Amino acid sequence: HRHLLSIGQLETHEILYLLDEAEQWVALNRQSSKHSDALSGLTIINAFFENSTRTLLSFEIAGKRLGADVVNMHAAQSSVKKGETLIDTAVTLNSMRADAIVIRHQSSGAVALIAGKVDCPVLNAGDGQHEHPTQALLDALALRNKLREQGRESLNGLKVTICGDVLHSRVARSNILCLQALGAVVRVCAPPALMPAGIEAMGAEPFHDFEAALAGTDVVMMLRLQSERMEGQFIPSPREYRHLYGLTLPRLRRCAPDAIVMHPGPMNRGVEIDSDVAELAGQSIITDQVEMGVAIRMACLDVLTRRARGLEGWA
Ligand code: CP
(Lines give C-alpha, C1' and ligand atoms only; values in the text may rest on other atoms or scores of the structure.)
Protein backbone atom coordinates (compact mmCIF):
# COMPACT_ATOMS: atom_id res chain seq x y z
CA HIS A 1 0.00 0.00 0.00
CA ARG A 2 0.98 3.58 -0.57
CA HIS A 3 1.00 5.60 2.66
CA LEU A 4 1.08 9.35 3.32
CA LEU A 5 3.86 9.67 5.86
CA SER A 6 5.66 12.85 4.81
CA ILE A 7 5.84 15.61 2.22
CA GLY A 8 9.40 14.41 1.65
CA GLN A 9 8.05 11.24 0.03
CA LEU A 10 5.90 13.12 -2.50
CA GLU A 11 6.96 14.27 -5.96
CA THR A 12 5.95 17.84 -6.85
CA HIS A 13 3.42 16.56 -9.40
CA GLU A 14 1.83 14.41 -6.66
CA ILE A 15 1.49 17.44 -4.35
CA LEU A 16 -0.17 19.36 -7.20
CA TYR A 17 -2.41 16.37 -7.97
CA LEU A 18 -3.68 16.26 -4.36
CA LEU A 19 -4.32 20.03 -4.39
CA ASP A 20 -6.23 19.74 -7.69
CA GLU A 21 -8.22 16.72 -6.44
CA ALA A 22 -9.21 18.67 -3.31
CA GLU A 23 -10.95 21.36 -5.42
CA GLN A 24 -13.96 19.10 -6.09
CA TRP A 25 -14.31 18.51 -2.34
CA VAL A 26 -14.09 22.23 -1.58
CA ALA A 27 -17.06 22.65 -3.96
CA LEU A 28 -19.00 19.76 -2.34
CA ASN A 29 -18.32 21.08 1.17
CA ARG A 30 -19.84 24.44 0.19
CA GLN A 31 -23.16 22.84 -0.80
CA SER A 32 -25.98 22.30 1.68
CA SER A 33 -25.84 18.54 1.04
CA LYS A 34 -22.23 17.49 1.50
CA HIS A 35 -22.40 13.78 0.83
CA SER A 36 -20.48 11.51 -1.53
CA ASP A 37 -20.56 7.71 -1.69
CA ALA A 38 -16.95 7.46 -2.91
CA LEU A 39 -15.77 5.52 0.17
CA SER A 40 -19.04 3.74 0.96
CA GLY A 41 -18.44 0.47 2.85
CA LEU A 42 -14.90 1.38 3.93
CA THR A 43 -13.82 1.65 7.56
CA ILE A 44 -11.41 4.41 8.60
CA ILE A 45 -9.80 4.45 12.04
CA ASN A 46 -8.44 7.71 13.45
CA ALA A 47 -5.95 6.73 16.17
CA PHE A 48 -4.84 9.83 18.06
CA PHE A 49 -2.16 9.47 20.73
CA GLU A 50 -1.94 13.29 21.13
CA ASN A 51 -4.58 15.99 21.49
CA SER A 52 -6.14 17.55 18.42
CA THR A 53 -9.12 19.67 17.41
CA ARG A 54 -8.62 20.53 13.74
CA THR A 55 -6.87 17.42 12.43
CA LEU A 56 -9.01 14.84 14.23
CA LEU A 57 -12.34 16.53 13.47
CA SER A 58 -11.46 17.27 9.84
CA PHE A 59 -10.33 13.69 9.19
CA GLU A 60 -13.56 12.46 10.81
CA ILE A 61 -15.72 14.86 8.80
CA ALA A 62 -13.74 14.03 5.62
CA GLY A 63 -14.31 10.29 6.01
CA LYS A 64 -18.01 10.74 6.80
CA ARG A 65 -18.62 13.09 3.86
CA LEU A 66 -17.06 10.43 1.61
CA GLY A 67 -19.52 7.86 2.95
CA ALA A 68 -17.03 5.77 4.99
CA ASP A 69 -17.59 4.38 8.46
CA VAL A 70 -15.29 6.37 10.72
CA VAL A 71 -14.23 5.45 14.25
CA ASN A 72 -11.91 7.38 16.54
CA MET A 73 -9.47 5.90 19.05
CA HIS A 74 -8.30 8.37 21.69
CA ALA A 75 -5.16 7.02 23.38
CA ALA A 76 -6.17 8.51 26.75
CA GLN A 77 -9.30 6.29 26.80
CA SER A 78 -7.63 3.22 25.26
CA SER A 79 -5.60 0.22 26.40
CA VAL A 80 -2.44 2.26 25.68
CA LYS A 81 -3.04 3.42 29.26
CA LYS A 82 -2.85 -0.22 30.41
CA GLY A 83 0.62 -0.64 28.95
CA GLU A 84 -0.19 -1.97 25.47
CA THR A 85 2.69 -1.33 23.06
CA LEU A 86 2.37 0.76 19.93
CA ILE A 87 2.93 -2.30 17.72
CA ASP A 88 0.27 -4.34 19.56
CA THR A 89 -2.17 -1.46 19.19
CA ALA A 90 -1.37 -1.30 15.45
CA VAL A 91 -1.85 -5.06 15.02
CA THR A 92 -5.16 -4.80 16.89
CA LEU A 93 -6.45 -2.02 14.59
CA ASN A 94 -5.27 -4.01 11.58
CA SER A 95 -7.15 -7.13 12.74
CA MET A 96 -10.37 -5.09 12.67
CA ARG A 97 -9.79 -4.79 8.89
CA ALA A 98 -9.54 -1.02 8.69
CA ASP A 99 -9.29 0.28 5.13
CA ALA A 100 -7.24 3.30 6.19
CA ILE A 101 -5.65 4.30 9.48
CA VAL A 102 -4.95 7.93 10.39
CA ILE A 103 -2.42 8.34 13.18
CA ARG A 104 -1.15 11.18 15.34
CA HIS A 105 1.66 10.32 17.73
CA GLN A 106 4.04 12.25 19.97
CA SER A 107 7.11 10.35 18.71
CA SER A 108 8.80 11.14 15.40
CA GLY A 109 8.79 7.99 13.27
CA ALA A 110 5.98 6.22 15.16
CA VAL A 111 3.55 6.53 12.24
CA ALA A 112 6.06 5.01 9.81
CA LEU A 113 6.60 2.16 12.27
CA ILE A 114 2.85 1.42 12.29
CA ALA A 115 2.69 1.68 8.48
CA GLY A 116 5.09 -1.25 8.30
CA LYS A 117 2.78 -3.45 10.40
CA VAL A 118 -0.63 -3.01 8.77
CA ASP A 119 -2.37 -4.03 5.53
CA CYS A 120 -3.91 -0.67 4.60
CA PRO A 121 -2.84 2.89 3.79
CA VAL A 122 -1.63 4.88 6.81
CA LEU A 123 -1.92 8.67 6.91
CA ASN A 124 0.35 10.70 9.17
CA ALA A 125 -1.72 13.22 11.16
CA GLY A 126 1.46 14.54 12.86
CA ASP A 127 4.34 12.54 14.34
CA GLY A 128 6.40 14.28 17.02
CA GLN A 129 8.70 16.91 15.56
CA HIS A 130 8.93 15.13 12.21
CA GLU A 131 6.10 15.89 9.76
CA HIS A 132 2.43 16.89 9.45
CA PRO A 133 1.94 16.38 5.70
CA THR A 134 -1.80 17.09 5.44
CA GLN A 135 -1.23 20.41 7.25
CA ALA A 136 1.31 21.49 4.63
CA LEU A 137 -1.05 20.40 1.82
CA LEU A 138 -4.00 22.32 3.27
CA ASP A 139 -1.75 25.35 3.78
CA ALA A 140 -0.65 25.17 0.14
CA LEU A 141 -4.27 24.93 -1.02
CA ALA A 142 -5.41 27.89 1.11
CA LEU A 143 -2.43 29.90 -0.08
CA ARG A 144 -2.98 29.01 -3.75
CA ASN A 145 -6.63 30.12 -3.50
CA LYS A 146 -5.67 33.44 -1.92
CA LEU A 147 -2.93 34.06 -4.48
CA ARG A 148 -5.39 33.38 -7.32
CA GLU A 149 -7.67 36.04 -5.77
CA GLN A 150 -4.67 38.41 -5.95
CA GLY A 151 -4.11 37.48 -9.62
CA ARG A 152 -1.10 35.26 -9.02
CA GLU A 153 -1.20 31.81 -10.62
CA SER A 154 1.45 29.96 -8.61
CA LEU A 155 3.71 30.01 -5.57
CA ASN A 156 6.78 30.37 -7.80
CA GLY A 157 9.15 32.97 -6.33
CA LEU A 158 6.80 33.70 -3.42
CA LYS A 159 8.65 34.79 -0.24
CA VAL A 160 7.32 32.97 2.85
CA THR A 161 8.52 33.55 6.44
CA ILE A 162 7.77 30.84 9.01
CA CYS A 163 8.26 32.17 12.53
CA GLY A 164 8.07 30.58 15.97
CA ASP A 165 9.12 27.37 17.64
CA VAL A 166 10.68 25.89 14.51
CA LEU A 167 12.72 23.38 16.55
CA HIS A 168 9.66 21.44 17.75
CA SER A 169 7.48 22.04 14.70
CA ARG A 170 6.43 19.26 12.36
CA VAL A 171 4.30 21.91 10.63
CA ALA A 172 7.44 23.93 9.83
CA ARG A 173 9.28 20.89 8.48
CA SER A 174 6.41 19.78 6.22
CA ASN A 175 5.79 23.32 5.06
CA ILE A 176 9.44 24.04 4.22
CA LEU A 177 9.44 20.95 1.98
CA CYS A 178 6.03 21.61 0.42
CA LEU A 179 6.47 25.34 -0.18
CA GLN A 180 9.91 24.84 -1.73
CA ALA A 181 8.59 22.05 -3.95
CA LEU A 182 6.00 24.55 -5.23
CA GLY A 183 8.69 27.15 -5.97
CA ALA A 184 8.47 29.40 -2.89
CA VAL A 185 11.53 30.87 -1.13
CA VAL A 186 11.33 30.07 2.59
CA ARG A 187 12.79 32.00 5.53
CA VAL A 188 12.54 30.65 9.07
CA CYS A 189 12.75 32.83 12.17
CA ALA A 190 13.11 31.65 15.77
CA PRO A 191 14.96 32.47 18.98
CA PRO A 192 18.39 30.74 18.88
CA ALA A 193 17.22 28.05 21.34
CA LEU A 194 14.23 27.19 19.12
CA MET A 195 16.05 27.04 15.76
CA PRO A 196 17.02 23.51 14.65
CA ALA A 197 20.71 23.04 13.91
CA GLY A 198 21.39 22.62 10.20
CA ILE A 199 18.09 24.11 9.00
CA GLU A 200 20.05 25.61 6.06
CA ALA A 201 20.46 22.04 4.76
CA MET A 202 16.68 22.06 4.14
CA GLY A 203 17.15 25.13 1.95
CA ALA A 204 15.51 27.59 4.36
CA GLU A 205 17.25 30.84 5.30
CA PRO A 206 17.44 31.20 9.11
CA PHE A 207 16.85 34.48 10.99
CA HIS A 208 16.83 35.35 14.68
CA ASP A 209 15.78 38.97 14.11
CA PHE A 210 12.02 38.97 13.43
CA GLU A 211 11.92 42.42 11.78
CA ALA A 212 14.67 41.40 9.34
CA ALA A 213 12.87 38.12 8.58
CA LEU A 214 9.62 39.96 7.82
CA ALA A 215 11.12 42.60 5.50
CA GLY A 216 9.40 42.33 2.11
CA THR A 217 7.90 38.87 2.75
CA ASP A 218 4.70 37.96 0.86
CA VAL A 219 3.44 35.46 3.44
CA VAL A 220 4.00 35.13 7.17
CA MET A 221 3.19 31.85 8.88
CA MET A 222 3.21 32.00 12.68
CA LEU A 223 3.81 29.00 14.95
CA ARG A 224 2.90 28.40 18.59
CA LEU A 225 5.48 27.77 21.32
CA GLN A 226 5.13 24.00 21.89
CA SER A 227 5.72 24.00 25.64
CA GLU A 228 4.56 20.35 25.80
CA ARG A 229 7.81 19.45 23.97
CA MET A 230 10.04 21.67 26.13
CA GLU A 231 10.24 19.71 29.37
CA GLY A 232 13.37 20.71 31.27
CA GLN A 233 14.17 23.46 28.77
CA PHE A 234 13.96 27.21 29.22
CA ILE A 235 10.54 28.48 28.16
CA PRO A 236 10.33 32.22 27.45
CA SER A 237 7.56 34.10 29.24
CA PRO A 238 4.60 35.02 26.99
CA ARG A 239 5.36 38.77 27.49
CA GLU A 240 9.02 38.37 26.61
CA TYR A 241 8.22 36.21 23.61
CA ARG A 242 5.62 38.63 22.21
CA HIS A 243 8.05 41.51 22.64
CA LEU A 244 10.61 39.84 20.34
CA TYR A 245 8.61 37.46 18.13
CA GLY A 246 4.91 38.35 18.35
CA LEU A 247 3.20 39.30 15.06
CA THR A 248 1.69 42.74 15.77
CA LEU A 249 0.10 45.16 13.28
CA PRO A 250 3.19 47.44 13.17
CA ARG A 251 5.40 44.42 12.45
CA LEU A 252 3.05 43.18 9.73
CA ARG A 253 3.62 46.51 7.92
CA ARG A 254 7.25 45.45 7.38
CA CYS A 255 6.03 42.71 5.04
CA ALA A 256 4.98 43.23 1.41
CA PRO A 257 1.70 45.17 0.95
CA ASP A 258 -1.30 42.82 1.47
CA ALA A 259 0.98 40.12 2.94
CA ILE A 260 -0.91 36.94 3.70
CA VAL A 261 -1.12 35.88 7.37
CA MET A 262 -1.27 32.17 8.24
CA HIS A 263 -1.33 30.08 11.42
CA PRO A 264 -1.95 26.31 11.61
CA GLY A 265 -3.67 26.64 15.00
CA PRO A 266 -4.08 26.29 17.87
CA MET A 267 -3.18 29.98 18.38
CA ASN A 268 -1.98 31.55 21.57
CA ARG A 269 -3.44 35.01 21.02
CA GLY A 270 -1.32 37.83 22.43
CA VAL A 271 1.78 35.62 22.40
CA GLU A 272 2.95 34.68 18.86
CA ILE A 273 0.10 36.58 17.16
CA ASP A 274 -2.15 39.48 18.14
CA SER A 275 -5.91 39.09 17.70
CA ASP A 276 -6.17 42.07 15.35
CA VAL A 277 -3.63 40.43 13.01
CA ALA A 278 -5.20 36.97 13.26
CA GLU A 279 -8.54 38.48 12.25
CA LEU A 280 -7.28 40.99 9.70
CA ALA A 281 -9.85 41.03 6.88
CA GLY A 282 -8.38 40.47 3.42
CA GLN A 283 -5.00 39.30 4.72
CA SER A 284 -5.51 36.58 7.35
CA ILE A 285 -6.46 33.22 5.83
CA ILE A 286 -6.44 31.28 9.12
CA THR A 287 -10.08 30.21 8.86
CA ASP A 288 -9.61 29.30 5.16
CA GLN A 289 -6.78 26.99 6.25
CA VAL A 290 -9.22 25.11 8.48
CA GLU A 291 -11.82 24.92 5.69
CA MET A 292 -9.23 23.54 3.24
CA GLY A 293 -8.23 20.94 5.84
CA VAL A 294 -11.45 18.99 5.30
CA ALA A 295 -11.12 19.04 1.49
CA ILE A 296 -7.44 18.03 1.54
CA ARG A 297 -8.15 15.14 3.88
CA MET A 298 -11.02 14.01 1.61
CA ALA A 299 -8.60 14.08 -1.35
CA CYS A 300 -5.93 12.10 0.54
CA LEU A 301 -8.40 9.45 1.78
CA ASP A 302 -9.92 9.11 -1.70
CA VAL A 303 -6.60 8.85 -3.57
CA LEU A 304 -4.95 6.45 -1.11
CA THR A 305 -7.90 4.02 -1.03
CA ARG A 306 -8.46 3.88 -4.80
CA ARG A 307 -6.48 0.68 -5.35
CA ALA A 308 -8.36 -1.11 -2.56
CA ARG A 309 -11.58 -0.04 -4.31
CA GLY A 310 -10.39 -1.57 -7.58
CA LEU A 311 -9.68 1.80 -9.19
CA GLU A 312 -6.51 3.16 -10.75
CA GLY A 313 -4.52 4.68 -7.90
CA TRP A 314 -1.18 5.35 -6.34
CA ALA A 315 0.95 2.21 -6.13
N1 CP B 1 -3.04 22.41 13.14
C2 CP B 1 -3.27 21.30 13.87
O3 CP B 1 -2.68 20.23 13.67
O4 CP B 1 -4.21 21.49 14.86
P5 CP B 1 -4.72 20.37 15.88
O6 CP B 1 -3.55 20.05 16.79
O7 CP B 1 -5.90 20.99 16.62
O8 CP B 1 -5.11 19.16 15.10
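The range 8-47 and the range 153-205 have Cα centres lying 26 Å from one another. Dipole of the chain computed with +1 at Lys/Arg Cβ and -1 at Asp/Glu Cβ about the Cα centre; of Gly63, Asn268, Met298, farthest Cα towards the positive end is Gly63. Separation of the range 56-110 and the range 215-269, taken as the distance between their Cα centroids, equals 32 angstrom. Relative to the compact-globule estimate of 2.2 N^0.38 Å, the Cα radius of gyration of the range 51-164 comes out at 1.28. Could you give me D for the chain, from Stokes-Einstein at 10 °C and 1.306 mPa s, where the hydrodynamic radius is the Kirkwood radius over C-alpha pairs? Units µm² s⁻¹, please. D, rounded to a whole number, is 80 µm²/s. Solvent-accessible surface of the range 187-315, averaged per residue with a 1.4 angstrom probe and all protein chains in place: 46 square angstrom. Using the charge dipole of the chain (Lys, Arg: +1 at Cβ; Asp, Glu: -1 at Cβ; taken about the Cα centre), state which of Gln226, Gly109, Gly41 has its Cα farthest towards the positive end. Toward the positive end, the furthest listed residue is Gly41. Accessible area per residue of the range 9-81 at 1.4 Å probe, in Å²? The answer is 50 Å² per residue. Positive-end ranking of Val118, Ser78, Leu137 along the dipole of the range 74-145, with charges on Cβ about the Cα centre, is headed by Ser78. Spin-label pair Leu244-Arg97: with each label point 7 Å from Cα along the Cα-Cβ axis, the two points sit 5.7 nm from one another. Taking Cα centre as origin and charging only the Cβ of basic (Lys, Arg, +1) and acidic (Asp, Glu, -1) residues, the dipole magnitude of the range 25-111 rounds to 280 debye.
In deg cm²/dmol, rounded to 500, what helix-only [θ] at 222 nm does the chain give when every DSSP H run of at least 4 residues adds -39500 (n - 2.57) and the total is split over its residues? The helix contribution divided over the chain gives -11000 deg cm²/dmol. Within the listed set Ile260, Ile285, Ile199, the Gaussian network model of the chain (springs between alpha-carbon atoms below 10 Å) gives the highest mean-square fluctuation for Ile199. Counting only DSSP beta bridges whose two residues both lie in the chain, roughly 5 percent are antiparallel. Judged by a Cβ-Cβ distance under 4.7 Å, the unpaired cysteines of the chain are Cys120, Cys178, Cys255, Cys300. The listed residues Lys64, Lys82, Lys146, once ranked by accessible area (1.4 Å probe) with the largest placed first, stand as Lys82, Lys64, Lys146. Across the protein chains, with a 1.4 Å probe defining accessible surface, the residues Asp274, Asp119, Asp99 rank Asp119, Asp99, Asp274 from largest area downward. Shown are Thr43, Thr134, Thr85, whose ranking by accessible area with a 1.4 Å probe and every protein chain present, most to least, is Thr85, Thr43, Thr134.
With an a/c value of 1.5 or above and a/b larger than b/c for the gyration tensor axes a ≥ b ≥ c computed over the alpha-carbon atoms, the range 195-315 is described as prolate.
Evaluated with a Cβ-only charge set (Lys, Arg +1; Asp, Glu -1), the range 182-295 carries a dipole of roughly 200 debye about its Cα centre, given to the nearest 20. Please say if the range 140-255 is rounded, prolate or oblate, where rounded means a/c under 1.5 for a ≥ b ≥ c the square roots of the C-alpha gyration tensor eigenvalues, and otherwise the choice is prolate for a/b larger than b/c and oblate otherwise? The shape class here is prolate.
Pairs exceeding a 28 Å alpha-carbon distance, out of Lys81/Lys117; Lys82/Lys117; Lys64/Lys117; Lys34/Lys117: Lys34/Lys117.
This model, with +1 at the C-beta of Lys and Arg and -1 at the C-beta of Asp and Glu, gives the chain a dipole about its Cα centre of some 320 debye. Computed over protein heavy atoms with a 1.4 Å probe, the carbon and sulfur contribution to the accessible area of the range 52-184 reaches 49%.
The values are calculated or read from the model by the stated rules, or taken from the named source; none is laboratory data. These numbers were taken from a predicted model, which means no experiment stands behind them. Here the Cβ is made from the backbone with ideal geometry for all residues, glycine too, and neighbour counts use every protein chain on show. Accessible surface is based on the protein model in full, side chains and every heavy atom, while ligands, DNA and RNA are left aside. Shrake-Rupley method; radii C 1.70, N 1.55, O 1.52, S 1.80 Å.
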